[in-house]
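**Q** Please read through the structure below; I'll follow up with questions.
The values are calculated or read from the model by the stated rules, or taken from the named source; none is laboratory data. Not measured: the values here are computed from a predicted model. Every residue, glycine as well, gets a Cβ built from its backbone with ideal geometry; the counts of neighbours run over all protein chains shown. Surface accessibility is based on the protein's heavy atoms, side chains included, excluding ligands, DNA and RNA. Shrake-Rupley method; radii C 1.70, N 1.55, O 1.52, S 1.80 Å.
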Amino acid sequence: MISRMPRPYILAETNWKTVSSTEYDVAILPWGATEAHNYHLPYATDVMECDAVAAESARRAWEAGAKVIVLPTVPFGVNTGQLDIELCLNMNPSTQAALLGDLVSALEGQGIHKLVVLNGHGGNDFKQMIRELQPTTEVFLCSLNWYTCVDPAPYFDEPGDHAGELETSVMQHIAPDLVLPLSEAGDGSQRKPSIAGLRERWVWAPRPWTRVSRDTGTGNPAHATPERGERFFEAVVARISGFLVELAATDMDTLYD
Ligand SMILES: [Zn+2]
């Protein structure tokens, strides 16, 4: 038998005995994606990263006295630019908004009035959903991207975008058995659009992934190491756990006082 103690801040592991006697202040909803990540990272990379960042951030916050609860990670992200890549499983933004709305109304009725959406996928964007949802609920809503909440520049030669050095390093740290040797990875190079505004990235358009990247990656994983991943992961969870502690302790009516 493999024994494992339930972590009281991970909903999937805890039980009614604990839940019925705990007053939670903050729920965390990690939100990933299921998609190809170059040749060397697993399809659930964004889910595993979200799981690990949420769990470790919540553990630290819990130990500092904050009553936080990590909800199960949503495994489907917006992948409309990858529909032609086998087994990239798209969930449209409107479906995500419906899902978010249902979860928020459940939490609201149960008296959990702060929700952090912890995003782990570049194609997801919760800002506009939250703008629309916030006036309809008493639950305080906020979102963050774990991969941008700390400036990655000092930690990596070239952080990269999708399955690049940052993501590969973090996966080498949190799930080394699931990362293929870097000799198996493509270089994650991207074709640039011919229009200057798009190339310079001050005009935005969704990218048709298979025309941009040969190996489904955007960003070179060549210099990834588990040590780099660990250092960045530590900085990220330190920052997020600090935020959770502050959020849990704050009476939101006094947020701007
Ligand atoms: Zn990813």
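**Q** For the chain, take the longest principal axis of its alpha carbons; what is the angle in degrees between that and the long axis of helix 93-109, to the nearest 10 within 0 to 90?
**A** 20
**Q** Moving on to the next point. Taking 0.36 nm per residue of separation and subtracting the Cα-Cα distance, what length does fully extending GLU227 through MET1 add?
**A** 78.2 nm
**Q** Per 0.36 nm of contour for each residue apart, how much would the distance between CYS142 and ALA238 grow if the chain were fully extended, relative to their Cα-Cα spacing?
**A** Full extension of this stretch gives 32.7 nm more.
**Q** Right, here's the next one. Before anything else, pin down the relative contact order of the stretch 41-121: Cα pairs under 8 Å, at least 6 apart, normalised by residue count, whole percent.
**A** Computed over the stretch 41-121, the figure is 29 percent.
**Q** Further question: Place the peptides 153-159, 81-87 in order of packing, highest mean first, counting for every residue the other Cβ atoms within 10 Å and averaging per peptide.
**A** Result, highest mean Cβ count within 10 Å first: 153-159, 81-87.
**Q** Just the accessible area per residue of the stretch 141-233, please: how many Å² with a 1.4 Å probe?
**A** 56
**Q** Further question: Helix-only mean residue ellipticity at 222 nm, the chain, DSSP H runs n ≥ 4 weighted -39,500 (n - 2.57), per residue, nearest 500. What is it?
**A** The helix contribution divided over the chain gives -10500 deg cm²/dmol.
**Q** Using modelled amide H (1.01 Å from N, peptide plane; none on Pro or chain starts), what sits under 5 Å from the amide H of ASN38, excluding residues fewer than 5 places away?
**A** GLY217
**Q** While we're on this one: Under the 0.36 nm per residue contour assumption, what length would be gained going from the current alpha-carbon distance of LYS17 and GLU132 to full extension?
**A** Taking LYS17 through GLU132 to full extension adds about 37.9 nm, to one decimal.
**Q** Follow-up question, since we're still on this one. Suppose every Lys and Arg Cβ carries +1 and every Asp and Glu Cβ carries -1, with no other charges. What dipole size does the chain come out with about its Cα centre, to the nearest 20 debye?
**A** Computed charge dipole of the chain: roughly 280 debye.
**Q** Please give the helix 45-63 orientation as an angle from the longest Cα principal axis of the chain, in degrees from 0 to 90, rounded to the nearest 10.
**A** Around 30 degrees separate the two axes.
**Q** Below 20 Å, Cα to Cα, which lysines can LYS114 reach? Residues fewer than 8 away in the same chain don't count.
**A** Leaving aside lysines fewer than 8 places away in the same chain, those within reach of LYS114 are LYS67, LYS127.
**Q** Then there is this: Please figure out what share of the DSSP beta bridges in the chain is antiparallel and state it in percent, rounded to the nearest 5.
**A** Taking every DSSP beta bridge within the chain, about 15 percent pair in antiparallel fashion.
**Q** Using amide H atoms built in the peptide plane, which far-off residues or other-chain residues are under 5 Å from TRP146 H to H?
**A** ASN119
**Q** Another question about this same structure. Rounded to the nearest percent, how much of the accessible area of the chain (1.4 Å probe, protein heavy atoms only) is carbon and sulfur?
**A** Whole-percent figure for carbon plus sulfur exposure: 55.
**Q** For LYS17, go through the aspartates and glutamates and keep the ones whose alpha-carbon is under 19 Å away, minus same-chain ones fewer than eight residues off.
**A** Output for LYS17: ASP25.
**Q** Using +1 at the C-beta of Lys and Arg and -1 at the C-beta of Asp and Glu, which of SER194, LEU244, LEU182 has the Cα lying farthest in the positive direction of the dipole of the stretch 104-257?
**A** SER194
**Q** Which order do peptides 65-75, 137-147 fall in by mean Cβ count within 10 Å, highest first?
**A** Output ranking for 65-75, 137-147: 65-75, 137-147.
**Q** Return one whole number: the accessible area per residue of the stretch 1-97 in Å², for a 1.4 Å probe.
**A** Value for the stretch 1-97: 49 Å² per residue.
**Q** Moving to a separate point now. To the nearest 20 debye, what is the magnitude of the charge dipole of the stretch 151-208 about its Cα centre, counting +1 on the Cβ of each Lys and Arg and -1 on the Cβ of each Asp and Glu?
**A** Using only the charged Cβ atoms, the result is roughly 460 debye.
**Q** With +1 on each Lys and Arg Cβ and -1 on each Asp and Glu Cβ, how big is the dipole of the stretch 1-146 about its Cα centre, in debye rounded to the nearest 20?
**A** That gives the stretch 1-146 a dipole magnitude of about 460 debye.
**Q** According to a simple spin-label model (label point 7 Å from Cα along Cα-to-Cβ), what is the distance in nm between ALA205 and ALA64?
**A** For ALA64 paired with ALA205, the spin-label model returns 4.4 nm.
**Q** Right, another one. Which value, in Å² and to the nearest 10, is the accessible area of GLU132 when all protein chains are kept and the probe is 1.4 Å?
**A** 150
**Q** Can you compute the FRET efficiency between GLU246 and TYR39 using 1/(1 + (r/R0)^6), with r the Cβ-Cβ distance and R0 = 45 Å? Round to the nearest 0.05.
**A** It comes out at approximately 0.65.
**Q** Using the per-residue mean of other Cβ atoms lying within 10 Å as a proxy for protection, in what order, highest first, do the peptides 251-257, 22-28 fall?
**A** Packing proxy ranking, top to bottom: 22-28, 251-257.
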